[in-house]
1. Considering only G245, G47, G27, give the residue with the highest GNM mean-square fluctuation for the chain, with springs between Cα atoms whenever their separation is below 10 Å.
2. Could you pull out the trypsin sites (Lys or Arg not before Pro) across the stretch 134-195 that fall in loop regions by DSSP (anything but H, G, I, E, B) with no more than 12 other Cβ atoms inside 10 Å?
3. So what's the gap between the Cα centers of the stretch 133-175 and the stretch 187-227, to the nearest angstrom?
4. Specify which residue in the list H46, V91, P20 is farthest towards the positive end of the charge dipole of the chain, using unit charges on the beta carbon of Lys, Arg (+1) and Asp, Glu (-1), about the Cα centre.
5. Which length gain, in nm to one decimal place, applies between S249 and R122 when the Cα-Cα distance is subtracted from 0.36 nm times their residue separation?
6. Using a simple charge model, +1 on the beta-carbon of Lys and Arg, -1 on the beta-carbon of Asp and Glu, nothing else, what dipole does the chain show about its Cα centre, in debye to the nearest 20?
7. For a label point 7 Å from the Cα of H46 along Cα→C-beta, name the residues of the stretch 325-354 whose backbone N is under 20 Å from it.
8. Helix 101-111: angle to the longest alpha-carbon principal axis of the chain, degrees 0 to 90, nearest 10?
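The values are calculated or read from the model by the stated rules, or taken from the named source; none is laboratory data. The structure presented is a predicted model; accordingly, all values stated were derived computationally and were not measured. Here the Cβ positions follow ideal geometry from the backbone for every residue, glycine too, while neighbour counts run over all protein chains shown. The accessibility values were calculated without ligands, DNA or RNA, using every heavy atom of the protein model including side chains. Shrake-Rupley method; radii C 1.70, N 1.55, O 1.52, S 1.80 Å.
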Amino acid sequence: MNAGSKSLRHPAEREVPTAPGRLPVIGHGIAMLRGKLAFTAGLAAHGDIVRVHLGTLPVYFVTSAELIDQVLATETDKFDKGALGDKLRDVFGNGLVSTNGDFYRRQRRMIQPAFHRRPIGRYTAMMAESAAELADSWRSGQVVDVERAMQDLALVIAGRSLFSLDFAREVRDVIRDEMPVMLRLGVVRAITSTPLLERLPIPANRRFDRAIARVHAVVDRVAASAREDRDDLLSALVRARDENGEPMSREQVRDEVVTLLVGGSETTGNTLAWLFHELAAHPDVLDRVTAEVEEVVGTRPVAFEDLNALPYTRRVVSEVLRRYPLWFMLRRTNTTVSLGGVEFPPGTEIGFSTHAVHHDPRYHRDPDVFDPDRWLPERVGALPRGAYVPFAAGLHHCPGHFFAMAELMVVAATVLSRRRLVPVPGRPPRPRVTGLIYPGPLPMTVH
Ligand code: HEM
């Protein structure tokens with residue numbers, strides 16, 4: 001994009017190029033759902049800003065790190081959540097994911113203290129214990145599906161940190177089975193963006209509604225156990241007061257709990273599954289990280305203070321987050337915004353693919369190589385802002401960032417200090433892309 005602002009009354013009709021593969025009504029829905037990561041990776045070849053039609057809705061995808069940083073961080077106040085947030089409102093109600101403006105800021109202020117350093121320090125002991133229980137339950141020679149095991153573990157950790165309780169198996173099953181359905185169908189709705197389709201009594205819509213109803217029923221039951229005097233996230237939400245001293249309504253607490261539960265378990269479980277896959281595929285990395293864990297932690301439980309003494313483990317986690325982040329994110333302008341010399345009026349949908357920018361060779365050398373040492377301080381210095389955003393940035397950045405990093409490192413170190421996981425030959429991952437990138441079943445033999 002050249003410099004010099006050009007005012008665009010109808011940006012959809014003027015000089016921003018349109019991605020190939022557009023069809024009437026459905027727009028790029030089919031091209032996007034068929035090509036997935038390849039579709040978003042290919043956008044940069046058409047320019048720094050490329051128009052994609054999600055159904056009838058034009059979305060302007062920015063493809064350079066500089067513009068992504070502008071959208072997320074430097075002009076964060078000019079952007080609200082976009083169409084994806086709208087589509088997920090059925091799931092998250094008025095939780096953080098789907099709200100904007102003053103209401104959003106108030107909620108965020110009330111919730112953020114629960115994610116400060118000190119409370120997270122307390123949760124690490126529980127994370128280590130939960131991971132040790134799982135690893136100790138595996139017998140040598142047993143084959144485990146690591147994807148499923150890590151999703152389950154992430155839910156156990158979310159349950160214990162949110163509610164101080166062990167979810168009954170039935171609760172876990174409902175959440176584990178229905179969460180991916182809600183997210184997948186929510187993303188499909190955003191991509192096809194045809195409201196009429198959403199109201200038809202077709203199986204996908206019935207499945208979406210059923211998933212939401214089951215998760216809400218379970219969360220309502222669990223949230224009813226809220227007490228102010230416990231040391232968990234739910235109690236922190238119940239204790240929280242706004243600037244007028246008002247607590248959150250019961251319904252609002254429920255919406256935030258669903259948001260934290262979904263946001264906090266599906267993502268971490270998935271990242272952990274990819275982490276064990278990558279370690280098994282790179283024995284040299286596995287040896288280095290295991291040696292670091294043995295030296296720093298030995299066989300005792302991993303403590304919060306250990307995390308700073310595990311720099312290689314942190315680099316491995318950072319590299320897994322680079323390779324397997326969210327597929328894409330959407331924002332919506334709430335005022336006129338100039339991006340790359342083009343002016344966009346309020347209400348314009350802006351998107352970018354986290355996966356694409358994390359694999360863009362302009363920013364990441366040999367992007368398809370799994371190389372934790374690219375995160376060595378002396379090498380990372382040259383990386384432009386916006387080129388690595390696994391937790392987003394700015395106003396809407398992930399509040400669970402430090403919680404997630406602690407969980408990923410603690411679980412990795414705990415499992416590695418006890419067991420070695422060897423992939424069953426001939427069963428490579430079969431990635432599924434919804435909003436997240438799932439590895440699919442990962443059978444591994446325990447040693
Ligand atoms: C590997 C783990 C995780 C990753 C990669 C991740 C990534 C992200 C990203 C990219 C966003 C911004 C999405 C957008 O704006 O469209 C986000 C938002 C969010 N995340 Fe996370 N997250 C992780 C773990 C967690 C955990 C552990 C929690 C809570 C316990 C959490 C809670 C949330 C919430 C509530 C939001 C919405 C924030 C807002 O809109 O203000 N996440 N996360």
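1. G245
2. The qualifying sites are R139.
3. 24
4. Sorting the options by dipole projection puts first P20.
5. Gain on extension, S249 to R122, equals 43.0 nm.
6. Values: 57 positive and 54 negative charges, 195 e Å.
With Lys and Arg at +1 and Asp and Glu at -1, about 940 debye.
7. Inside the label zone: 327-333, 339-345, 348-354.
8. The answer is roughly 10 degrees.
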